[in-house]
Amino acid sequence: MEIYGKPKKSLGQNFLIDKNIINKIVEIGNINRNKIVVEIGSGYGNLTDAIIKKNPKKIYAIEKDKQLSTLLINKYKNFKKVQIINKDVLEVLQENDFGKDIIVFGNLPYNVSTKILASLILSDEWPSWYGNLILMFQKEVAERILAKSKNKDFSRLTVLANWRLEIKKHFDISNNCFFPKPKIESTVLSFVPKKTGYYSLKKPKNLEKITRILFSNRRKMINKNLIKLFKNDHEIIKKLNIDLDQRPSDLSNETFYKIAAEYEKLFG
């Protein structure tokens, strides 16, 4: 692989270069000629090349690095289906004017992966504009997303991700498959939006808020933070029927959704 400039630590740049792994990731998407694909962090276009071979209707390749985006524009200048977007992905996702039922691929920069996932989850509009997310995370982040209640990895991210998304783990990836070689392994997960069966909240940010407050002291019992959240309204706390001696990681995902629903009733 030809290298254009030194990868930037500030952008969390670790490029996937193993072609076998790249092809395995692309196969997860079941791409056909009617599908639109969004790729987050296109880098040198290694994954983009494999996506092109599946002949989708359109590919939006998002790359924040100006130097790399220029490289991509030149590389794909004869491919009318490929559009390079040189912007911060969080800005692009807020605009989300790609259409509906989009397939999203992403070798997410380690330093912003959780922000990107949260942005995709906490949209005011639901069902979402995307139909399938196929994303690569630092392995320990993936373990937090997949964690079960009463597990040390159970976190805010677990609660948020499982609220609206069906999650599947596909495989781990050795650090030898990247340039530059990171210290950690990665994991590929896919996410399909739930159309039914999830707790309906008018403001997704309410779930973000209550998880932030309750996990602010994850090793301590939830009693003080829950009382603080509901401004000493002990009737509501009694109604929730929660053991206040539990720690945040002892609660189920559903309990957090119920807390968010009660919070919304009181405070909008």
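Computed from the coordinates by the stated procedures, all read-outs in this text should not be read as laboratory data. Predicted model only: the values in this text are computed from it and were never measured. Note that we place each Cβ from the backbone using ideal geometry, even for glycine, and neighbour counts take in every protein chain shown.
With the gyration tensor restricted to C-alpha atoms of region 140-229, the semi-axes of the equivalent ellipsoid amount to 29, 19, 11 Å, longest first. Applying a threshold of 19 Å to the alpha-carbon distances of K139/K183; K150/K195; K35/K66; K231/K265 flags K150/K195; K35/K66 as lying beyond it.
Write down, largest first, the equivalent ellipsoid semi-axes of the chain in whole Å, where each equals the square root of 5 times an eigenvalue of the alpha-carbon gyration tensor.
Over the Cα atoms of the chain, the ellipsoid semi-axes are 38, 20, 15 Å.
Please give, to one decimal in nm, the separation of the simple spin-label points placed at K150 and N78, each 7 Å out from Cα toward the Cβ. According to this spin-label approximation, the distance is 6.1 nm. When the C-alpha to C-alpha distance is required to be over 20 Å, the pairs from K152/K239; K115/K209; K24/K152 that qualify are K152/K239; K24/K152. Note on the chain: GNM, Cα springs under 10 Å; of V37, V26, V159, the largest mean-square fluctuation is that of V26. Across region 204-267, the convex hull enclosing all Cα atoms gives 74 Å³ per residue.
For N23 and S200, what is the calculated FRET efficiency with R₀ set at 45 Å and r taken between the beta-carbons, to the nearest 0.05?
Numbers: r = 39 Å, r/R0 = 0.86.
After rounding, the FRET efficiency stands at 0.70.
Placing a pseudo-label 7 Å from each Cα along the Cα-to-Cβ vector at K239 and K169 gives an inter-label distance of 3.8 nm.
With θ taken as phi - 60° and the Karplus curve 6.51 cos²θ - 1.76 cosθ + 1.60 applied, the whole-hertz 3J(HN,Hα) list for region 33-47 is 5, 9, 8, 9, 10, 10, 10, 9, x, 6, x, 8, x, 5, 6 Hz, x standing for glycine and proline.
Tell me, in nm to one decimal, what length is gained between Q246 and N111 on full extension, where the rule is 0.36 nm per residue of separation less the Cα-Cα distance? Please report the intermediate quantities before stating the final value.
Numbers: separation 135, 0.36 × 135 = 48.60 nm, distance 3.09 nm.
Full-extension gain reported as 45.5 nm.
Each residue of region 222-239 was assigned a 3J(HN,Hα) from its phi angle through the Karplus curve 6.51 cos²θ - 1.76 cosθ + 1.60 (θ = phi - 60°); the sequence is 7, 3, 5, 5, 5, 5, 4, 4, 9, 6, 6, 7, 6, 5, 5, 4, 5, 4 Hz, with glycine and proline shown as x.
For the chain, what is the charge dipole size about the Cα centre, in debye to the nearest 20, if Lys and Arg each add +1 at the Cβ and Asp and Glu each add -1 at the Cβ?
Working: 49 positive and 29 negative charges, 28 e Å.
For this selection, approximately 140 debye.
Highest GNM mean-square fluctuation among A118, A142, A61, for the chain modelled with Cα contacts below 10 Å: A118. Residue-wise HN-Hα couplings along region 182-194, as the Karplus relation 6.51 cos²θ - 1.76 cosθ + 1.60 with θ = phi - 60° gives them from phi, are x, 7, 10, 8, 10, 9, 9, 10, 10, 9, 10, x, 6 Hz; Gly and Pro carry x. The distance between label points at Q94 and N55 comes to 3.9 nm (points 7 Å beyond Cα on the Cα→Cβ vector).
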